[in-house]
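Here's the structure we're looking at; comments come further down.
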Amino acid sequence: MSLAHESAGVPPWQQAMAAAYRRPEELLAELGLDPGNIHTAMPDFPLRVPHSYVRRMRCGDPQDPLLLQVLPQADEHHRVAGFTDDPVGDLASARRPGLLRKYTGRALIITTGACAVHCRYCFRRAFPYHENLSDSTFTGVLDELRRDTSIREVILSGGDPLSLSDRRLEALLQALDTIPHVRRIRLHTRTPVVLPERVDAPLLRVLAQLRKPLVTVLHCNHANEIDAAVADAVAGLRARSAAVLNQSVLLRGINDSPDALVDLSEALFAAGVLPYYLHQLDPVAGAAHFAVDDDRARACVTGAAARLPGYLVPRLVREVAGADAKLPLQT
Ligand code: SF4
């Protein structure tokens, strides 16, 4: 990290984001792993993972559940029927650039294409962010939200909204705060999990200015992702949120067992987060090797439910393009 960078007033979290691992051979060397595991370059969706997240991986373990979420694999090049670039109908649900409408009363803003981490199973890994983000995007999105009085809840998504600078995030939140018919704002973010230093005092000051209730939905898939720094970040968010929930993705070889789901729910609760959704994988091209079949998915949740109180059992759901709501898989 250069001193020039620091003296320019770049916040530590932005420096950490900029310093993320981007070369698989560097990451594998850090973990003491054979670079022979590097299969291919992924120019459109390259490796990106912050150092603090890598420190939670087990050295010498090529099957580490955190490593498997971020390391590009040769399987990503295999085209599999049913796995597409737009797996949940985002493009058809675009009301205008940067604004998606899928469910009654809710609207979702594509705030940015940037993320602190590149999750290999990401359902928006091929999303055309360049067509949805421009200087005028937020102006048009806000005009639409002001006009449409049926919208009760606005979801900040992306990319990851906590990749925005505090200044841009504050401007967006303040604008939303003044729309009378919007009752609450939902923040969907993986950043506090992968880069907990993002939840710093300036961000918490921005969130504290909101008058409307804020619902924060984290994205955490494995108990090993939660360490003391993440718990501290969650504590800060809890103090400024009406609720802090978690959604996970069921991922083969990463969390597809009752044990893993129990451990995740317990770790979330210990950090003050309630499990909300467990998503069946969205069938995005390049991620078929993470898919878990429905019978196994149900068995995982049933097995976990036998060992957890009901409030720690996430709802197993699938998002289906064009559906009115997420579809439950458990009966
Ligand atoms: S943080 Fe979310 S949007 Fe970003 S790569 Fe991961 S899954 Fe995709």
Notebook entry, point to check: Restricting the count to DSSP beta bridges whose residues both fall in segment 61-172, what percent are antiparallel, rounded to a multiple of 5?
Noted result: 45
Item checked: Whole-Hz ³J(HN,Hα) from phi, Karplus 6.51 cos²θ - 1.76 cosθ + 1.60, for segment 73-86, glycine and proline x -> 10, 4, 4, 5, 7, 7, 7, 10, 4, x, 9, 10, 6, 10
Next item on the list: Inverting the mean 1/r over all pairs of different Cα atoms, compute the Kirkwood radius of segment 217-273 and quote it in Å.
Entry: 11.6
Next item on the list: Measure off 7 Å from each Cα along the Cα-to-Cβ vector at THR84 and ARG298, then give the distance between these two points in nanometres to one decimal.
Entry: 2.6
Notebook entry, point to check: With the radius of gyration and the Kirkwood radius both derived from the Cα set of segment 182-245, what is their ratio Rg to Rh?
Noted result: 0.96
Margin query: If amide hydrogens are placed 1.01 Å from N in the peptide plane, which non-local residues have theirs closer than 5 Å to the one on VAL249?
Written below: HIS279
Note to self: 5 Å is the cut-off here: which amide hydrogens, built 1.01 Å from N in the peptide plane, fall below it relative to ARG318, excluding neighbours closer than 5 in sequence?
What the structure shows: GLN280, LEU327, LEU329
Item checked: Pair-distance profile P(r), taking every C-alpha pair of the chain, with 20 angstrom steps and integer % -> 31, 62, 7
Notebook entry, point to check: Can you run phi through the Karplus equation (6.51, -1.76, 1.60; θ = phi - 60°) for segment 272-289 and list ³J(HN,Hα) in whole Hz, with x for Gly and Pro?
Noted result: x, 10, 9, x, 10, 10, 10, 8, 5, 3, 6, x, 8, 4, x, 10, 4, 5
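Restricting the count to DSSP beta bridges whose residues both fall in the chain, what percent are antiparallel, rounded to a multiple of 5?
Numbers: 7 of 35 bridges.
Taking every DSSP beta bridge within the chain, about 20 percent pair in antiparallel fashion.
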Item checked: At most 11 other Cβ within 10 Å, DSSP loop - trypsin sites (Lys or Arg not before Pro), segment 207-254 -> ARG211
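Would you mind giving the average projected area, over all directions, of the Cα convex hull of segment 3-77 in nm² with one decimal?
Working: hull surface 22.9 nm².
Its average projected convex-hull area is 5.7 nm².
No value in this document is a laboratory result; all are computed from the given coordinates. This structure is a prediction, so every number in the text was calculated from the model and none was measured. Methodologically, a virtual Cβ is constructed for each residue, glycine included, from the backbone with ideal geometry; neighbour enumeration extends over all protein chains shown.
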